[in-house]
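The values are calculated or read from the model by the stated rules, or taken from the named source; none is laboratory data. All of these numbers come straight from a predicted model, not from anything done at the bench. Counting neighbours? That spans all protein chains shown, and the Cβs are built from the backbone with ideal geometry, glycine included. Calculation scope for accessible area: heavy atoms of the full protein, side chains included, ligands and nucleic acids excluded. Shrake-Rupley method; radii C 1.70, N 1.55, O 1.52, S 1.80 Å.
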Amino acid sequence: MELKVEIIKRSGRGENPSSIGKELGYTIEGVCNEEFVASRGWFYRFKKRANLHNIKVQGEAASADASAASDFNKILEDIIDDGDYLPEQIFNVDETGLFWKKMPERTYISKEEKSAPGHKATKDRLTLLLGGNASGDLKLKPLLVHHSLNPRALRNITKAFLPVIWRANSKAWVTLTLFEEWFLNHFIPAVERYCLAKNIPFNILLDNAPGHPTTLDVMHPNVKVVFLPPNTTSLIQPMDQGVIASFKAYYLRRTFSQAVRATQNDEMTLTDFWRNYNIYDAIKNIADAWNEVKETNMRGVWNKLCPQLTQEFLGFTDDEIAETRQTVVAMGNQLQLNITENDVIEVLDSHSQEQTNEDLMELEQEIELREETQDIETPQLKKFLTKELADAFRLIEAGMAKLEEQDSDTERFAKVHRTVTEGLKCYRAMRKRKALYKPPLMHTSINELQ
């Protein structure tokens with residue numbers, strides 16, 4: 001049983017079952033030096049059949065972690081009481097990996113992708129920093145770290161207007177420098193605006209992971225930073241108690257939903273959709289999935305860390321995540337992928353898989369080669385044209401007229417029409433400004449030319 005427990009512990013960090021078995025000298029029926037080979041899906045099902053997923057490791061390390069988590073809860077409660085912090089003023093952030101373009105391993109799409117020349121799954125991995133407050137009504141804008149500063153899909157996009165904070169380094173990691181920059185230039189201004197709007201003091205308590213910069217606590221007089229004890233994040237870290245898991249499930253569901261829509265009426269094959277799915281599509285799905293995380297979820301996950309703040313909540317349950325997984329399975333069947341819920345779980349769990357040194361070295365070499373060989377291009381940013389705006393308004397009005405012809409509920413249509421009209425005000429104002437704008441005339445005298 002000790003060996004099984006060790007495998008379960010380590011598989012949670014994303015290690016390959018076969019490499020674990022080899023390193024531990026795992027044998028079958030006592031036969032030494034037999035290679036232990038298993039897919040992640042088989043390994044998950046093995047754990048489930050053997051009822052090993054609920055095993056609590058006994059021993060000094062495990063009890064120390066639980067003890068440290070319990071002690072920290074009491075320490076944090078005293079800090080909250082002494083500082084008179086409101087739930088709105090208490091924040092938590094956490095990092096997570098995301099393979100933004102990943103299908104279940106057993107599908108033909110995944111197999112085709114792996115067989116493609118130069119394919120590296122590491123290229124499709126990015127890191128996100130997600131967080132919010134204990135009242136659940138402020139979700140911070142996600143920080144996204146990609147391995148490329150200017151991927152082709154974003155060449156004509158103004159990154160400042162993306163629904164994420166876009167940053168890059170070769171390993172797609174949230175470095176100490178990136179975290180400090182996020183803290184000073186994004187976290188503090190966003191929270192200060194929020195406190196002003198809520199008419200509460202700008203006096204913030206930030207629960208932070210132990211791997212983040214220790215200098216944060218002295219970087220702003222109104223922000224107190226408290227670091228979680230090492231090896232306790234999985235036990236009490238709020239974002240790790242269901243928020244990130246929900247977000248990833250929603251992201252996968254949105255991706256599958258888009259694939260279903262794109263392949264309806266044989267307009268596009270699934271292979272074509274997946275080939276064209278790019279990082280810009282992923283960013284929009286990340287933003288939508290993050291918006292989909294409910295306020296009750298954001299608040300309920302604080303139950304283990306600050307139960308005194310969430311007394312009316314029972315904590316987070318994974319019922320909704322399970323329902324989301326089942327929806328993905330149903331859509332997978334529509335796409336003829338023949339997947340099971342275990343396949344979906346395998347995809348979601350893979351996001352936490354750590355990159356090997358070999359993966360990182362290959363990725364860095366590829367980035368260096370691309371930077372050396374690519375042509376220097378001046379990005380053509382998107383811009384509004386008066387004629388194109390007019391055409392867009394005509395198409396929208398034609399679409400609304402089609403809806404009105406078919407809707408017998410006049411009140412419902414009127415409500416939709418008002419919403420659309422209100423939403424288009426910013427674009428109509430822009431068209432008006434462009435129509436009124438006249439470029440200045442250039443007057444040049446002979447003397448000026450001389």
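Some points to look at:
- Criterion applied to A282, A262 was being among the small types (G, A, S), in contact with a Lys or Arg (Cβ under 9 Å, 6 or more places away or on another chain) and either open to solvent by less than 10 Å² (accessible area, probe 1.4 Å) or farther than 24 Å from D319 by Cα (or both), and the one residue passing it is A282.
- From R152, R106, residue being of a type in the set (D, E, K, R) and modelled with pLDDT under 90: R106
- Residue within the range 124-144 that is farther than 23 Å from L228 by Cα, in contact (Cβ under 8 Å) with a residue 60 or more places away in the chain and in contact with a helix residue (DSSP H, G or I) (Cβ under 7 Å, 6 or more places away or on another chain) present: no
- Residue check for V37: open to solvent by 80 Å² or more (accessible area, probe 1.4 Å), farther than 30 Å from L270 by Cα and modelled with pLDDT under 90: yes
- Identity of the residue in the range 155-180, modelled with pLDDT of 95 or more and either more than 14 Å from L128 (Cβ to Cβ) or not hydrophobic (A, V, I, L, M, F, W, C) (or both), that ends up nearest to the chain's Cα centre (by Cα): P163
- Condition met for V164 (open to solvent by less than 10 Å² (accessible area, probe 1.4 Å) and within 16 Å of D137 (Cβ to Cβ)): no
- Taking the numbered list (1) buried (at least 18 other Cβ atoms within 10 Å of the Cβ); (2) modelled with pLDDT of 85 or more; (3) among the aliphatic types (A, V, I, L, M) in turn, L309 passes all entries but (2).
- Verdict on T296 being surrounded by fewer than 17 Cβ atoms within 10 Å (Cβ to Cβ) and either β-branched (V, I, T) or at pLDDT 90 or above (or both): yes
- Residue ID - nearest to I283 (Cα to Cα), chosen from residues in the range 151-186 that are assigned to a helix (DSSP H, G or I) and charged (D, E, K, R): K159
- Among the residues of the range 404-418, the ones that are open to solvent by less than 60 Å² (accessible area, probe 1.4 Å) and part of a helix (DSSP H, G or I) come to 2 in all.
- Of residues in the range 181-200 being open to solvent by 40 Å² or more (accessible area, probe 1.4 Å) and in contact with a Lys or Arg (Cβ under 9 Å, 6 or more places away or on another chain), the one nearest to L305 (Cα to Cα): H186
- If you check A435, A401 for being modelled with pLDDT of 85 or more, assigned to a helix (DSSP H, G or I) and among the aliphatic types (A, V, I, L, M), only one passes: A401.
- Evaluating A322 against the criteria (1) surrounded by 16 or more Cβ atoms within 10 Å (Cβ to Cβ); (2) within 27 Å of I236 (Cα to Cα); (3) at pLDDT 90 or above leaves one unmet condition, (1).
- Residues considered: N342, N357, N338. Of these, the only one that is open to solvent by 100 Å² or more (accessible area, probe 1.4 Å) and either within 20 Å of F256 (Cα to Cα) or at pLDDT 70 or above (or both) is N338.
- Failed criterion for W302 (all others in (1) open to solvent by less than 20 Å² (accessible area, probe 1.4 Å); (2) outside any loop (DSSP other than H, G, I, E, B) hold): (2)
- Meets criteria (under 17 Å from I321 (Cβ atoms) and open to solvent by 60 Å² or more (accessible area, probe 1.4 Å)) for R254: yes
- When residues of the range 325-335 are limited to those that are touching an Asp or Glu at 6+ places or on another chain (Cβ under 7 Å) and free of Cβ contacts under 8 Å to residues at least 24 places away in the same chain, the one surrounded by the most Cβ atoms within 10 Å (Cβ to Cβ): V329
- All positions within the range 201-224 that are open to solvent by less than 10 Å² (accessible area, probe 1.4 Å) and assigned to a strand (DSSP E or B): I204, L205, L206, D207, N208, V223
- Residue check for E112: more than 29 Å from N297 (Cβ to Cβ) and in a helix (DSSP H, G or I): yes
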